[in-house]
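Student: Before anything else, here's the structure in question.
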2 protein chains.
Amino acid sequence: MGAPLPVSPLAPASFPDLPVIQGVRFASAAAGVKYQGRTDVMLAVMDPGTAVAGVFTQSTTRSAPVLDCQAKLGGNADAGAAILVNSGNSNAFTGHYGQSSVAEITTAVADATGLPAGRVFTASTGVIGEPLPHDRILAKIGELNGSLSENALQGAAKAIMTTDTFAKGSSATVGIGGQTVKIAGIAKGSGMIAPDMATMLVYIFTDAKVGQADLQAQLEEICNRTFNCITVDSDTSTSDSLMLCATGASGVDATGNAEFAAGLERVMLDLSHQVVRDGEGATKFVEVQVTGAASDADAKVHGLAIANSPLVKTAIAGEDPNWGRVVMAIGKSGAAADRDLLSIAFGDVRVAEKGWVAPDYKEDLGAAEMKKQEITIKVDLGLGAGKATVWTCDLTHQYISINADYRS
Amino acid sequence: MGAPLPVSPLAPASFPDLPVIQGVRFASAAAGVKYQGRTDVMLAVMDPGTAVAGVFTQSTTRSAPVLDCQAKLGGNADAGAAILVNSGNSNAFTGHYGQSSVAEITTAVADATGLPAGRVFTASTGVIGEPLPHDRILAKIGELNGSLSENALQGAAKAIMTTDTFAKGSSATVGIGGQTVKIAGIAKGSGMIAPDMATMLVYIFTDAKVGQADLQAQLEEICNRTFNCITVDSDTSTSDSLMLCATGASGVDATGNAEFAAGLERVMLDLSHQVVRDGEGATKFVEVQVTGAASDADAKVHGLAIANSPLVKTAIAGEDPNWGRVVMAIGKSGAAADRDLLSIAFGDVRVAEKGWVAPDYKEDLGAAEMKKQEITIKVDLGLGAGKATVWTCDLTHQYISINADYRS
């Protein structure tokens, strides 16, 4: 990479104030894994009693840290837990050497923190296929463990960035029976973002008390409506990891609580949208609302076909209300559609209905809608009650520049 | 569109000399459907006894001409047949008006040629969702019918171009039992090119004698190895049509003949590659060879996942031997793979084997391979005997310019 990328025009104005989550402390350090002059390793250490849930990429070429995390999920929570994440190298497709790197790191973190290695989770993000220089990380574990702080979540969010142009955080505070629980999370992700699996690196913490099995089920369900409904470029990382840690330090049992679920979904939706807003080269944030499909699953297939279409995404980049390309994407999706029942709108401008251009549609109305920074594409199939919403960004010259003009 | 696009650097040196196919005559004209100062309509008229086979897009939003062609396939060959194609407007998603346009055009061609309307096939290619100004085409049918010539296939190839930067033709001459049959075909296509269906507009003619059912079966089988194995941008047209017309004028029965099948496959492969070579913005021609898969179907899924990956395609554009992105694409494809059995080569340079970087791989070897204009990516899954080859091009700034910077 050459000069730093400019911050996405879709970035939030600033990093949010995140509440302290009792029972978890953070630290970050500059290990020089690949990047120089910035932090690239974060450590989170959680108190005994913390339940850890996670969803991970389903890629058949997933990374050594992902395989290790999956093997450890559901383990005994009594001892507490730790998460160590590095940026700059994904430790993916690194064979047995990659597994050794994970073992060395988790053992060193266990030694430093007094946790069993079976409760130390890791993740690595960055270039695929290069051996991880894990010695550089090992050299920083003492420093990390010595500087843990309840107030260092923003620093952790910065340390895990790769082509991200801004750090991503979100939080919610939820009242349960007169008491309060807090949720705070961070994410990284900008390119190689596609749904159908967990997406990129996301860490969410809460002081609520929820058992591991319930926490895991809740995480998977909400993931299907949030992170599994975003796409930047249809390419799926080998490292995608989303972990949710409930320390229970509030003493408030949130198992099965609807307010807690809603708060968690707000945080996950916010973080997933921030990933789209930092999509490589993105200049437009696009919501695709599909209704009237034969099923919810069909609606999601149509939504993703639209959101992944290079021709739809370049039309949006060019502010071209080229709704014919939306028709094309629906047609190729493989899900049920009837041309003569199909309606399409850009924002509140109805562009097509019943298999043809809408009678009152004028090109300048569509063009005005496309000039906005946030664009909504509404598709009604006219077939049933199935619906889904997915989110994406446009496809611009900058995406090509980031991925072709620079050597990664 | 602004100024004409530069001719693709991957274009053949010149349009090939195509043999006369006895029993079919061609004409083209400038009807001004959308483009000015160029031809935009072609007519082909075939003698009685011509068998017509076709494969078409499976899009659920396919165009009115495609629906009309599909209804007419397999009809009585005794009367001969005609094909009329216009560029500049796809007559897709134009509702009942679109069907009326097809009826008016096929009736007018039938009247002029003396053929029944049920033997007049049409296709339209260009912008989706705008009513076809069919009166402009009707006004040219007399001129077209009056200027039919056995030698006008190249002119027909030019008339059906849209964002194509060169006209596409191919031919084969096949000996059968001491006699000779000829095959000649044309194609158009540059963007909105994805397999899984017939691809874009392709018309192939032969003077061999083959019954319609045999011709149709042969066309579908070869299409699965040629046009259904190419992709430019993963987007699938609403108008894709591939038609094969056997006039029988040579008197030579080619039914079930292996030489004829091989000749036809050469022509179809050549035309499909020419479409990739004219991929919007293409600077590299890429062959993806997948072997060792659990099945041929799995091999094709892996091949297309690689060929459709924006990150693989931008790496190729940037001449970056970023084989980690090939690993990523295999991992997300959904087909069976075992990371630790996987081998990858760029040309003759082995970059990865058995789940890790190849021991003798050096970055400069891979980089030299990527500087070539024609690149081969070889993937061996190590699982079974399944294999497939697919073809694509790179993803460049010019693709974005063609589809975003200009208004279509």
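We did not get these values from a lab; they are worked out from the coordinates using the rules stated. It should be emphasised that the depicted structure is a prediction, and the values quoted were computed from it without experimental measurement. A quick note on method: Cβ atoms are made from the backbone with ideal geometry, for glycine too, and the neighbour counts reach across all protein chains shown.
Student: Counting only other chains, what is the mean number of Cβ atoms within 10 angstrom of the Cβ of each residue in peptide A:318-327?
Tutor: Neighbouring Cβ atoms belonging to other protein chains average 6 per residue here.
Student: Note down the relative contact order for chain B as a percent, whole number, built from C-alpha pairs under 8 angstrom at least six residues apart. Intermediate values should be presented prior to the final figure.
Tutor: Working: 1041 pairs, mean separation 73.5, N = 408.
Normalised by residue count, the contact order of chain B is 18 percent.
Student: From the C-alpha gyration tensor of segment A:285-405, pull out the three semi-axes of the equivalent ellipsoid (sqrt of 5λ each), sorted largest to smallest, in whole Å.
Tutor: That gives 23, 18, 11 Å for the three semi-axes.
Student: Taking only the C-alpha atoms, wrap a convex hull around segment B:310-377 and report its volume per residue in Å³ as a whole number.
Tutor: Each residue corresponds to 78 Å³ of Cα convex hull volume.
Student: For segment A:132-191 and segment A:36-114, what is the separation of their Cα centres, given in Å?
Tutor: Cα centroid to Cα centroid, the span is 14 Å.
Student: Right, next: Could you run the Debye sum over the Cα atoms of segment B:22-174, one equal point scatterer each and no solvent, and tell me log10 of I(q)/I(0) at q = 0.11, 0.15 Å⁻¹, two decimals?
Tutor: -0.39, -0.75
Student: Report the calculated FRET efficiency for residue A:97 and residue B:297 (r = Cβ-Cβ distance, R0 = 35 Å), to the nearest 0.05.
Tutor: Taking R0 as 35 Å, the efficiency between residue A:97 and residue B:297 is 0.60.
Student: Kindly give the distances from residue B:71 to its copy-mates, label point to label point, with each label point 7 Å from Cα along Cα→Cβ, as nm values to one decimal ordered shortest first.
Tutor: When each copy's label point is compared with this one, the spacings are 6.2 nm.
Student: Please report, for residue B:338, the nm distances (one decimal) from its label point, 7 Å out from Cα along the beta-carbon direction, to the equivalent points in the remaining copies, shortest first.
Tutor: 4.9
Student: Please compute, for the alpha-carbon atoms of the protein assembly as shown, the extent along each of the three principal axes and give them in descending order in Å.
Tutor: 89, 61, 42
Student: Highest mean first, what order results for B:289-296, B:33-40 on Cβ atoms within 10 Å?
Tutor: Averaged packing, sorted descending, gives the order B:289-296, B:33-40.
Student: Still on this structure: Mind checking which aspartates and glutamates have their Cα closer than 16 Å to the Cα of residue A:354? Skip sequence neighbours fewer than 8 apart in that chain.
Tutor: A:338, A:340, A:380, B:130
Student: Using the Cα centre of the protein assembly as shown as origin and beta-carbon charges of +1 (Lys, Arg) and -1 (Asp, Glu), tell me which of B:138, A:263, B:80 is placed farthest towards the positive end of the dipole.
Tutor: B:138
Student: Using a label point 7 angstrom from Cα along Cα-to-C-beta, what distances in nm, from shortest up, separate residue B:142 from the other copies?
Tutor: Distances between equivalent label points, in nm: 9.7.
Student: Partner chain Cβ atoms within 10 Å, averaged over the residues of A:34-40 - can you pull that number for me?
Tutor: 0
Student: Using DSSP, restrict attention to beta bridges with both residues in segment A:24-277 and report what percent are antiparallel, rounded to the nearest 5.
Tutor: 70 percent
Student: Taking the mean number of other Cβ atoms within 10 Å as a proxy for protection, how do you rank A:223-230, B:171-178, A:80-87 from highest to lowest?
Tutor: A:80-87, A:223-230, B:171-178
Student: Now, a different point. May I ask for the distance between the Cα centers of segment A:253-296 and segment A:298-326, given as a whole number of Å?
Tutor: Taking the Cα centre of each part, segment A:253-296 and segment A:298-326 sit 19 Å apart.
Student: Hey, fewest Cβ within 10 Å first, where do A:304, A:10 land in order?
Tutor: With the sparsest Cβ surroundings first, the list reads A:10, A:304.
Student: Using only the Cα atoms of segment A:17-70, what are the Rg and Dmax in Å?
Tutor: Radius of gyration, then largest Cα-Cα span, for segment A:17-70: 14.8, 38 Å.
Student: Would you calculate the separation in nanometres between label points at residue B:389 and residue A:224, each defined as 7 Å from the Cα along the Cα-to-beta-carbon direction?
Tutor: Going from the residue B:389 label point to the residue A:224 one covers 4.3 nm.
Student: In peptide B:301-310, what is the residue-averaged number of other protein chain Cβ atoms found within 10 Å of each Cβ?
Tutor: Across the residues of B:301-310, the mean count of other-chain Cβ atoms within 10 Å is 3.
Student: Among all helices in chain A defined by DSSP H, which have a length of 24 Å or more along the axis from Cα atoms plus a Kyte-Doolittle mean of at least -1.0?
Tutor: Details: long enough: A:95-113 (28 Å, 0.03); A:258-277 (28 Å, 0.33).
The answer, listed by residue number, is A:95-113, A:258-277.
Student: Which value in deg cm²/dmol, rounded to the nearest 500, describes the helix-derived mean residue ellipticity at 222 nm for chain B, given -39,500 (n - 2.57) per DSSP H run of n ≥ 4 and division by the residue count?
Tutor: My calculation for chain B gives -8500 deg cm²/dmol from helical runs alone.
Student: Considering Cα pairs under 8 angstrom that are at least six residues apart, work out the relative contact order of segment A:88-212 and quote it in whole percent.
Tutor: On the way: 156 pairs, mean separation 24.1, N = 125.
It rounds to 19 percent for segment A:88-212.
Student: Now a separate question. What list do you get for B:306, A:160 if you sort them by fewest beta carbons within 10 Å?
Tutor: By the 10 Å Cβ count, ascending: B:306, A:160.
Student: Hey, another quick one. Can you give the FRET efficiency to the nearest 0.05 for residue B:71 and residue A:213, using r as the Cβ-Cβ distance and R₀ = 60 Å?
Tutor: E between residue B:71 and residue A:213, to the nearest 0.05, is 0.60.
Student: While we're on this one: Quick one: which residues, 5 or more positions from residue B:244 or on another chain, have an amide H under 5 Å from its amide H? H modelled 1.01 Å from N in the peptide plane, none for Pro or chain starts.
Tutor: Distant-sequence amide H within range of residue B:244: B:53, B:54, B:204.
Student: For chain B, take the alpha-carbon Rg, divide it by the Kirkwood Rh, and send me Rg/Rh.
Tutor: Taking Rg over the Kirkwood Rh, I get 1.00.
Student: Same structure, new question: Based only on other Cβ atoms within 10 Å, what is the fewest-to-most ordering of B:313, B:354, B:387, B:182?
Tutor: Fewest to most other Cβ atoms nearby, the residues stand as B:354, B:387, B:182, B:313.
Student: How far apart, in nm, are two points set 7 Å out from the Cα along the Cα-to-Cβ line at residue A:261 and at residue B:58?
Tutor: Calculated label separation equals 3.7 nm.
Student: May I ask which residue of A:246, A:71, A:21 lies farthest towards the positive end of the charge dipole of the protein assembly as shown, with charges of +1 (Lys, Arg) and -1 (Asp, Glu) on Cβ and the Cα centre as origin?
Tutor: A:21
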